[in-house]
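Structure first, then comments.
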Amino acid sequence: MVEMVSKDNIENNTSSPLKKRGISYKQQDKIAFMILRGFALAIVLLLGLMIYQLFQASAPAIKEFGFSFIYNDFWNPIEDEFGALPFIYGTLVTSLIAILIAAPVSIAIALFINEYLPKALGNLLGLFVELISAIPSIIFGLWGLYYLAPWVKDSLTPILKSTLGFLPLFSGPSFGIGILTASIILSIMIIPTITSVCREVFKVVPSLQKEAALALGATKFEAIKLAILKPSFSGVMGAVVLGLGRALGETMAVAMVIGNSAEISKSLFGAGATMASVMANEYAEADSEIHLSALCLIGLLLFVVTFFVNFFARSITWKAKMRGKKV
Amino acid sequence: MSDVVLKVNDLKAWFDDFNAVKGIDLEYKRNTINAIIGPSGCGKSTYIRCLNRIHEEVAGAKISGEVLLEGKNIYAPDADPVEVRKHIGMVFQKPNPFPAMSIFDNVVIGPRLWGERNKKNLEEIAYKSLQKAALWDEVKDKLHQEGTSLSGGQQQRLCLARTLATNPPIILMDEPTSALDPIAAAKVEDLMMELKDEYTVIVVTHNMQQAARVADYTSFFVLGELIEHGLSSDIFTNPKNQKTEDYITGRFG
Ligand SMILES: Nc1ncnc2c1ncn2[C@@H]1O[C@H](COP(=O)(O)OP(=O)(O)OP(=O)(O)O)[C@@H](O)[C@H]1O
Ligand SMILES: [Mg+2]
């Protein structure tokens, strides 16, 4: 039999299973790998490029104002004098109030969905909450402008004034639009984020400890506090910080209801502006180079801050999840 | 007070459509130790989890039948599960100390939940409970370390101490010695014998010798059904049912 296989025959044996015509399997894999790696690298490069270009665009403002840009409280496009403090203040205050409102509400919703509702109903409500985050920002803005702002002016303000009016925070007249209204809109917008991350965090807490608490004669709420809330504290913090990250950068809705004035108002009823809203408002009309550059510098600052806030939040929730899995 | 502290009538339990416990009738006398034996997966855990209303916490769980605690049905519409669980304590099959909580806090969590605030009392409760659970000597110098830092067997005894600290008249134990070395297991067995003076114990075990040694009564379960129940001395020396005999002699299970 061996003699029958000629040399010629072996060399032309293209149907051998180990040797494919054209590109080999190995090469195909290599090409696929290179394409995928290319996309992955591109996205990282794009991020780097954006930071670099934003930096370039803000270079004139950095040169002109240096660090004083952060603590100067005047913003005067006519005189070309720019300090970002009013916007930093506006961003911090609106985000902080939004968190103060949204965090407890979101934690409560997440607990209610996970621990009290039957599974199907819970998932339905969860989906509903998540749909809120799919509503375009501009619709929140319009709603805020036409419904929330008048309500804040006519209903909420009198209540706050009569109970907490002695605080400077709640002094002065309310025109509806202003810091408080922007904060409330923001809180509604970040509730879905915080709620869904909290639900994830609560879900990985093992049910064993909850049963242990119940078996010791704890009420359902005590068991939840002890066996779910307590061990997931750091994960919940992560969720809240993630919500903060979203609040810091939210633009359109805030720009529509905050009143857009570059002032530092002690009263929450007063108008203000945030880093994001001032960029959206002034970018199209900025005619001097230094004005544009100052706006870019605000953008750079906001970018850096939100980047770190998000990074921080994700590292906390990730650690919490890992710990949940280990227990 | 009648002699029967807990009476189970036609108890059935389901996970969704799966019928794990298929109609159990049993009585437990005051101050006795009662063992439940049977092959893995036969519904022992599910059964005792019905006795303190923990089974219903599992999603999809269903229960029918009656469990009479001192003559009152714990599944009656007006029965309060929290009240029931204060009377019937439980040590779970898997150790489940509270994470991010010290050994001390783990032990006294029950009394704290029930309103005990006095530090001295709490310290005394912790000492006594850890002593009884044969854990005191191992942890007395590190009461403020996290409970989850202990070994599996130590965690099991920690959970036992946690249950003892609440002083329930009836104690359910689901394989309390399965993760223990023979010495610690013997200590827990001694404890059960001591507990008998004040408590009624229902214990699930895979250890025949243990059941024969400590239990006054033994019930044998197969596939969610009670095959045989009686004095341990009878069950282990003179079983009436062929399946029981096969199981305790190791020919089946
Ligand atoms: N959470 C659950 N969901 C669905 N089925 C379950 C669940 N827990 C247990 N079962 C099923 O119910 C049956 C009884 O389980 P159970 O845990 O009561 O057995 P067991 O006798 O305690 O076993 P072991 O000796 O291994 O602890 C088993 O068939 C098991 O597969
Ligand atoms: Mg079991």
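How do B:150, A:297 rank when sorted from fewest to most other Cβ atoms within 10 Å of their own Cβ?
With the sparsest Cβ surroundings first, the list reads B:150, A:297.
Hey, what did the range B:10-74 get for relative contact order, percent, Cα under 8 Å, at least 6 apart?
The normalised contact order for the range B:10-74 reaches 40 percent.
Along the charge dipole of chain A, Cβ charges K/R +1 and D/E -1, which of A:131, A:28, A:157 sits furthest on the positive end?
A:28
Cα centroids of the range B:86-114 and the range B:217-253: how far apart, whole angstrom?
33
What does the helix-only formula give at 222 nm for chain B: each DSSP H stretch with n ≥ 4 adding -39500 (n - 2.57), the total divided by the residues, and the result rounded to the nearest 500 deg cm²/dmol?
When only DSSP H runs of four or more count, the value is -10000 deg cm²/dmol.
Using Cα centres only, tell me the gap between the range A:212-243 and the range B:186-212 in whole Å.
Cα centroid of the range A:212-243 versus Cα centroid of the range B:186-212: 34 Å apart.
What percent does the relative contact order of chain B come to when contacts are Cα pairs within less than 8 Å and at least six residues apart?
Answer for chain B is 26 percent.
Counting other beta carbons within 10 Å of each residue's own, what order do B:221, A:65 fall into, fewest first?
Ranked by crowding around the Cβ, least crowded first: A:65, B:221.
Rounded to the nearest 10 degrees, what's the angle between the helix B:182-195 long axis and the longest principal axis of chain B, both from Cα atoms, 0 to 90?
80
Roughly how many whole Å is it from the C-alpha centroid of the range B:1-35 to that of the range A:118-197?
The distance from the Cα centre of the range B:1-35 to that of the range A:118-197 comes to 53 Å.
Once both axes come from the Cα atoms, what is the angle between helix B:152-164 and the longest principal axis of chain B, in degrees from 0 to 90, rounded to 10?
Between helix and principal axis, roughly 90 degrees.
Over the whole of B:95-104, what's the average partner chain Cβ count within 10 Å per residue? Rounded to a whole number, please.
For peptide B:95-104, the averaged partner shielding equals 5.
So how tilted is helix B:103-113 from the main axis of chain B? Cα-based, degrees 0 to 90, rounded to 10.
Approximately 70 degrees, to the nearest 10.
Report relative contact order for chain A in percent, whole number only (criteria: Cα-Cα under 8 Å, sequence separation at least 6).
Computed value for chain A: 25 percent relative contact order.
Values in this text are rule-based calculations from the coordinates and carry no lab data. In this text the structure is predicted, and so the values were computed from the model without any measurement. Note that we place each Cβ from the backbone using ideal geometry, even for glycine, and neighbour counts take in every protein chain shown.
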